[in-house]
Amino acid sequence: MPRAVKLPHVSEDIHHPYRRGAGPHGPTPQPWTSAPQQPPAPQRHLAPQPPPVHPASTIPISAPPHREPPDPTSTPSPFPFPAPGLPPPTLSPPSLSSTSSSQPRHFHTREMFHNAQGFVINNPQFIDASHAGSGLERLLRYSMPAAFHDSGVRYPPPKCHLGTRNDYIDLITNWALEASDRKEPILWMHGPFGVGKSAVAQSCAEALERMNKLTATLFFSRSNSDHDDPQRVFTSLAYQIATVCPSFGEIVSKRMIDHPALATKSLLKQFEYLLVQPLSQVDIAGSGLNGRVIIIDGLDECCGTAEQCEIIKIIAASAHERTTPFRWFITSRPEDPIIRTMNSPAVYPARSRIELPVSRKVDHEILVYLTDEFKVIREDHGLPESWPSEEALALLVERGAGLWIYVSTVIRFIKDENSFGPEDQLRIVLEFAKDVSGKVGPDNPLAEMDFFYTLIIQRVPLKIRTTARKILLACSTLSGFPSSIAATLCLSAEQLRRACASIQSIMELRGSDFESMSMNFYHASFLDFMKDPQRSKELSIHGDFLIACRRELLEWLYNVCSRSTDSEHTTFPLGTILPEDRLAAGHYQYVWCLFWRLSQIPEHPFDSQTARSLAEFPFRKMLRLLGDRSEWRIFGGLVRDNLPAELRDEVVQWGRCPIPRCMYTEDVWVWGHGENAIIPILSGNGFISMTNQDRCDGRCLCGAWMQIAHHERQNTDIEDTDTEDANDDD
Ligand SMILES: [Zn+2]
C-alpha cells in the first residue's frame with residue numbers, strides 16, 4: 001500500500017547509478033569549464049581497452065600496420081626495471097620454444113608502453129623476455145594503469161600538503177613497517193566525502209615507495225571509467241607485482257600466454273591464478289615482497305557493491321591463510337555493505353580500522369595549506385604581500401569547516417588560468433562564501449564538488465532515491481531531528497536509516513532508534529547544492545520536485561480535513577501507513593508544517609490548480625485538527641508571493657479584520673476567506689498557527705472585542721465553544 005506522502009507526479013530519476021554519459025538532460029554534468037585541473041576529468045584515454053581484445057595491430061595508437069617489428073634484444077622488456085633494493089632480474093635464456101623460431105613473438109615498444117604511465121627507467125637491463133613481454137602486455141591490457149598512484153593520468157595526484165596530516169601518515173606507515181600495536185595485515189581507513197582519504201593514501205604510497213615497502217596501488221575513481229572496474233583489480237595488482245619482482249613476472253606472463261582468458265575469470269579465480277599460485281612459486285624471502293604494502297584507495301568507488309565486498313573477502317581470506325605475503329591498506333567511505341563486510345567474522349580478525357573524520361581540529365592545517373597556496377599564487381602573479389586579506393583567509397577556513405575538498409576546490413578555482421586572474425577569482429569565491437543562500441552564479445567556484453555530489457546522489461538506488469530526496473527536503477525545511485523527519489514521511493527508524501545509508505558519505509545518522517538517533521551533515525555545501533536546481537539539475541530537491549511534493553501534501557491534508565472532526569479524532573486517508581503508533585500523533589502536524597514551509601520558499605510559485613485548491617481549503621478545520629500541541633510560525637508575505645495575483649487575497653492577506661462588528665482597527669493577517677477565514681496570532685513578520693477563536697467570551701477571532709451588548713457577552717460564556725459561527729450571529 002502506498003504511503004501517505006506519495007508523489008504521483010514526480011518523475012522518477014532515470015539515471016542509472018553506473019551509467020555514464022547521456023542522461024535525460026544530456027551528458028552527465030561535467031562542470032569543468034572553469035575549475036578542474038584535477039581528477040575527475042581525464043581528457044585522455046590512455047588506459048587499455050577491456051575485452052574483447054583486438055589484435056595488437058588494431059589497438060589504438062599501436063605501431064603502424066606494416067612497420068617492421070623491432071629487434072626484441074634492443075627492446076626493453078616490460079619488467080626489467082627493478083625497484084631499488086630488489087635483486088636484479090635474472091637473465092632468461094633465449095627462448096628455445098618451437099614457436100619462437102617459426103612464429104617469433106614480438107612486441108612493439110609503443111604497444112608495450114602506450115598505456116604505461118609513470119615509469120622511471122633505472123639502470124635498464126635487457127633480457128629476452130618475449131614470452132614474458134607478450135604475457136605481461138596482455139596483463140597490462142586488462143589492468144587499470146591510470147589508477148596507479150604514479151599514473152600520468154592522475155598527475156598531479158591529490159596528496160597531503162607538506163606538514164599536514166602527519167599524524168595519520170605516521171600511523172599508517174608505522175603499521176606498514178610493523179612498528180605499531182596494530183598487527184593486523186589489513187588496515188581499513190574510512191571517512192566521509194571530501195575529508196582527504198585519497199590524499200592521505202597518496203602521501204602514504206609515496207612515503208612507502210621511498211622505503212621500498214610498496215608493492216602496488218589502485219586509486220579507484222567512480223567518475224572515470226578507467227579507474228573503477230572490479231574485473232581489473234587483481235590483474236592490475238599482478239601487473240604491478242611483476243614490475244617489482246621479475247621472477248613473479250615471468251610466471252604470470254607465461255600463465256597469461258598459456259591461458260589467454262585468465263583475466264576474464266571470476267575475481268576469486270583471478271586472485272588464485274594471478275597472485276596466489278605464482279607467488280607460491282616465488283622465493284618470497286629473497287624477492288623482497290614479504291610485508292610489502294598494497295594500497296587500495298576508494299574501494300566504494302569500485303563499480304558494484306557486491307564486487308567491493310567480494311574483493312574484501314578474498315583479500316581477508318588470503319591474509320588469514322597467508323597465501324599472499326602483503327599488508328593491505330584499504331580506504332573507503334563508510335558505506336553500509338563495506339562496513340558490514342569489514343565487520344563480518346571472516347574479515348574482522350584480520351583488519352584494523354581507523355577513522356578520518358570531518359573535524360574542525362584541522363582548521364590550523366587548512367590555514368597552513370591556504371597560506372602556502374596563496375603565497376605561490378601571489379609570487380606567480382606578482383601580487384602584493386597584503387593579498388589575500390586575513391579576513392578572506394579566515395572566511396575560507398570558516399566555510400571550509402574541516403572539509404579538505406572545499407578548500408582544495410576553492411584553490412583550484414582561484415588558480416584557474418581561464419579567468420581574469422586570481423584576484424578576480426578570489427573575489428568571486430568570497431562573494432559566494434559570504435552569501436548564506438549558497439546560490440551560485442555563472443561562475444561556480446564549487447563546480448568540482450558539485451560533480452562529486454551529483455555522483456553521490458546518482459548512486460542512490462532508484463527505489464529509495466525519491467525517499468532520500470524527501471528526507472533531504474524535510475531536513476532542509478524542518479529541523480534535523482530524525483524523529484520529526486520520520487514522522488513527516490511515515491518512516492520507521494529502520495527505513496530512515498536505510499534510506500540515509502546510501503548518502504552517508506555526506507551525512508551521518510547515528511543511533512538505531514529515535515531516542516538515540518542524531519543526524520548531521522558533514523558540510524553545509526551539500527544541502528546548498530541540493531537546493532539549487534542550477535547546480536544539482538534534475539536531482540535537486542527544490543524546483544519541480546518541491547512543487548510536486550507540495551501539491552501532494554496539500555491533497556493529503558485536504559483528505560484528512562474532510563475525514564476528521566478534531567485533533568483527537570484525526571482520520572488519515574487509506575494508504576497512510578504509520579510504521580509506529582507513536583508517530584501518529586505528530587504525523588498531521590509535521591505534514592502540515594512541511595506544506596506551509598514549502599509554500600513560503602521563494603521562487604516556487606503555485607500552479608493555478610494547486611493555488612485554487614488552496615484558496616478553497618477549510619482553514620478553520622485545518623487549524624482545529626492541529627490542536628494546541630504545536631505552534632508554528634508562518635510568513636504570510638512569502639506565501640502570497642508564490643500565489644497568482646488573483647488568488648492571493650483568498651489565501652492570505654494583510655488587512656482589516658473581516659469579521660462583522662469587530663472593533664479592532666489595526667491590520668491583521670487573514671488566512672483563508674469567507675466562512676473559512678481565520679485570524680491567526682501575529683508573530684514578528686508573520687503569524688503563528690493559533691487563533692483566539694476558542695476564546696468565545698465575546699471577542700472576535702482576532703481577539704478584539706466585538707460590538708456586542710453586555711448581557712449577550714455574559715451568555716456567550718456558557719455556549720458551546722465549538723460553535724464557530726456564533727460570532728457571526730446578530
Ligand atoms: Zn476581528
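Could you pull out the trypsin sites (Lys or Arg not before Pro) across the range 318-393 that fall in loop regions by DSSP (anything but H, G, I, E, B) with no more than 10 other Cβ atoms inside 10 Å?
Sites meeting the loop and neighbour criteria: ARG322.
Could you give each residue of the range 495-505 its phi-based ³J(HN,Hα) in whole Hz, using Karplus coefficients 6.51, -1.76, 1.60 with θ = phi - 60°, and x for Gly or Pro?
Once rounded to whole Hz, the list reads 5, 4, 4, 5, 5, 7, 4, 7, 10, 6, 7.
For the range 182-190, what does the Karplus curve 6.51 cos²θ - 1.76 cosθ + 1.60, with θ = phi - 60°, yield as ³J(HN,Hα) per residue in whole Hz, taken in order and with x for Gly and Pro?
Rounded to whole hertz, the list is 7, 9, 4, x, 10, 10, 10, 10, 10.
Using 0.36 nm times the number of residues separating ASN166 and SER180, minus their current alpha carbon distance, what extension gain do you get?
Extending this stretch completely gives an extra 3.5 nm.
Take every Cα pair under 8 Å in the range 430-556 that's 6+ residues apart, average their separations, divide by the length, and report that relative contact order as a whole percent.
Value for the range 430-556: 23 percent.
So who's got an amide H within less than 5 Å of the one on TRP705, skipping anything under 5 residues away but keeping other chains? H placed 1.01 Å off N, in plane.
MET663, CYS700
Where a Cα-Cα gap under 27 Å defines reach, which lysines qualify for LYS254, not counting those fewer than 8 residues away within the same chain?
In chain and number order, the partners are LYS213, LYS265, LYS269.
Between ASP297 and residues 5 or more places away or on another chain, which pairs have amide H atoms under 5 Å apart, with H built 1.01 Å from N, and which residues are they?
LEU218, PHE219, PHE220, THR331
For the pair SER352 and VAL368, how long in nm is the line joining their label points, each one 7 Å along Cα→Cβ?
2.3
Could you compute the FRET efficiency for GLU631 and GLU666, with r as their C-beta to C-beta distance and R0 at 22 Å, rounded to 0.05?
Given R0 = 22 Å and the Cβ-Cβ separation, E is 0.50.
Within a Cβ distance under 11 Å of PHE595, other residues only, what is the Lys/Arg minus Asp/Glu net charge?
Overall, the nearby charge balance is +1.
Which three lengths, in whole Å and largest first, does the range 592-690 cover when its Cα atoms are put on their principal axes?
Rounded to whole Å, the extents work out to 37, 32, 24 Å.
Once you have the Cα-Cα distance between ILE688 and LEU393, take 0.36 nm times their residue separation minus that, and quote the gain in nm to one decimal.
102.1 nm
If one computes the Cα centroid of the range 461-535 and of the range 610-656, what distance in Å separates the two points?
One Cα centre to the other: 28 Å.
Does a label point 7 Å from the Cα of GLU515, set along Cα-to-beta-carbon, have any residues of the range 482-501 with amide nitrogen under 17 Å, and which are they?
Only 482-484, 493-494 fall inside the zone, counting backbone N under 17 Å.
Going by average Cβ neighbours within 10 Å, how do the peptides 603-611, 664-672 rank, with the highest at the top?
Listed from highest to lowest mean packing, they are 664-672, 603-611.
What order, most packed first, do the peptides 571-580, 648-657, 294-303 have when packing is the mean number of other Cβ atoms within 10 Å of each residue?
The packing order, highest mean first, is 294-303, 648-657, 571-580.
What is the set of long-range amide H partners of PHE521 at a cut-off below 5 Å, with H atoms built 1.01 Å from backbone N?
The list, which skips near neighbours in sequence, is GLU508.
If I take R0 = 25 Å and measure r between the Cβ atoms of ARG210 and GLN281 in this structure, what FRET efficiency does the formula 1/(1 + (r/R0)^6) give, to the nearest 0.05?
Here the calculated transfer efficiency is 0.30.
Taking a 25 Å limit on the Cα-Cα distance, which of the listed pairs LYS197/LYS537; LYS463/LYS537; LYS361/LYS470 fall beyond it?
LYS197/LYS537; LYS361/LYS470
From the phi of every residue in the range 208-218, what ³J(HN,Hα) in whole Hz does the Karplus formula 6.51 cos²θ - 1.76 cosθ + 1.60 yield, where θ is phi - 60° and glycine or proline is x?
5, 5, 4, 8, 6, 10, 9, 9, 7, 9, 9
At 0.36 nm per residue, and after removing the present C-alpha to C-alpha distance, how many nm does the segment from SER492 to LYS434 gain when stretched out fully?
Here the segment from SER492 to LYS434 would lengthen by 17.1 nm.
Once the cut-off is 18 Å, how many percent of the Cα-Cα pairs in the range 497-654 end up in the long-distance tail?
The answer is 67 percent, as a whole percent.
No lab work stands behind these numbers, since they all come straight from the coordinates. Treat the numbers as computed from the prediction; the structure is a model and nothing was measured. Neighbour counts are summed over all protein chains in view; Cβ atoms, including those assigned to glycine, are modelled from backbone coordinates with ideal geometry.
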